[in-house]
1. Out of I228, I249, I211, report the one residue that is hydrophobic (A, V, I, L, M, F, W, C) and touching a Leu at 6+ places or on another chain (Cβ under 8 Å).
2. With the structure loaded, tell me whether K143 is free of Cβ contacts under 8 Å to residues at least 24 places away in the same chain and not hydroxyl-bearing (S, T, Y) or whether it fails that test.
3. If you check A80, A176, A95, which single one turns out to be touching a residue at least 60 places away in the same chain (Cβ under 8 Å), over 22 Å from H36 (Cα atoms) and crowded, with 18+ Cβ neighbours inside 10 Å?
4. Residues G167, G159: which one is closer than 26 Å to V257 by Cβ, in contact with a strand residue (DSSP E or B) (Cβ under 6 Å, 6 or more places away or on another chain) and not assigned by TED's automatic domain parsing to the domain that holds R214?
5. Just checking, does segment 121-137 include any residue being assigned to a strand (DSSP E or B) and over 23 Å from Q212 (Cα atoms)?
6. How do the strands (runs of 3 or more DSSP E) wholly within segment 18-96 filter down when requiring 1 or more residues that are charged (D, E, K, R) and touching a Pro at 6+ places or on another chain (Cβ under 6 Å): which remain?
Amino acid sequence: MKDYTEEDLQVLVSTQHLKADKDVQDLLEKMNMKSHYLIINQSEESKISNPYVISRKEKGLSKSRNQAIQFSDREILLLADDDVRYGLDYAKTIAKYHNEYEDDILCFYVESKNKNRPTKRLKTGKVGFLKAMRIVSFEISMKKHSIVNSDLHFKEEFGAGAKFNRGEEHIFLYEALRSGLKIRFINEKIGEAEQESSTWFSTFDETFFEIQGRVFQEMSPRYYKVLIWQYALRKYRLYSENVSFGQAIRSMLKGTV
């Protein structure tokens, strides 16, 4: 087993609209970046000389994640959004636990500063199919060789900027579990995320539930109906003023193919 150090970590940042080197430097300072990084910048116009910034005239969060994994040059990869700010020892913490555990994917706690969009601080332990639904993409770190050898990719029709505007990380984690990869949550805080705005949620309506049904079907083609029912039960208090329980179920089933 390799003895990982901070030098083995690379933060994969998905962002948009960076046009100049100063924009990159401002972003790195805002994120408190103290490790190797690779930025995928989806922008129509860019004059950036930094070799660790790849600018593309396209959109889609999952496409950005896949490109970041493809062009990364380190073994431990940490997914990141551009509104995350890391703590002082995040790189040391991530390397430490990748040495302590042989799991292919380690997820670390990133606190959401938006109380309306909280992240879950799980206990340290193995992650299965139920716990995987409580993890956010910017909490995921992974061993590159495990992902490449398993031929795992983010489904590009899911996620911000795509046809189905969410669920990409849960589909990814479900595929990882089905491929035999081991996932563990580490109850160590590595940073904070602003999460000031959401590109996928405005209100609980028919379209919302149709997309959610399609996400569940992609996560588990065999058991998606169970996922639909548990979601309708678990989230009832949040959507009940807008949609009935039966309507939520029917709309999620309508979204499946």
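The values are calculated or read from the model by the stated rules, or taken from the named source; none is laboratory data. Given the structure is predicted, the values throughout are model-derived calculations rather than measurements. No Cβ is skipped: glycine too gets one built from the backbone with ideal geometry, and neighbour counts run over all protein chains shown.
1. I228
2. Criteria not met by K143.
3. A176
4. Exactly one of G167, G159 is closer than 26 Å to V257 by Cβ, in contact with a strand residue (DSSP E or B) (Cβ under 6 Å, 6 or more places away or on another chain) and not assigned by TED's automatic domain parsing to the domain that holds R214, namely G167.
5. Within segment 121-137, one or more residues are assigned to a strand (DSSP E or B) and over 23 Å from Q212 (Cα atoms).
6. none
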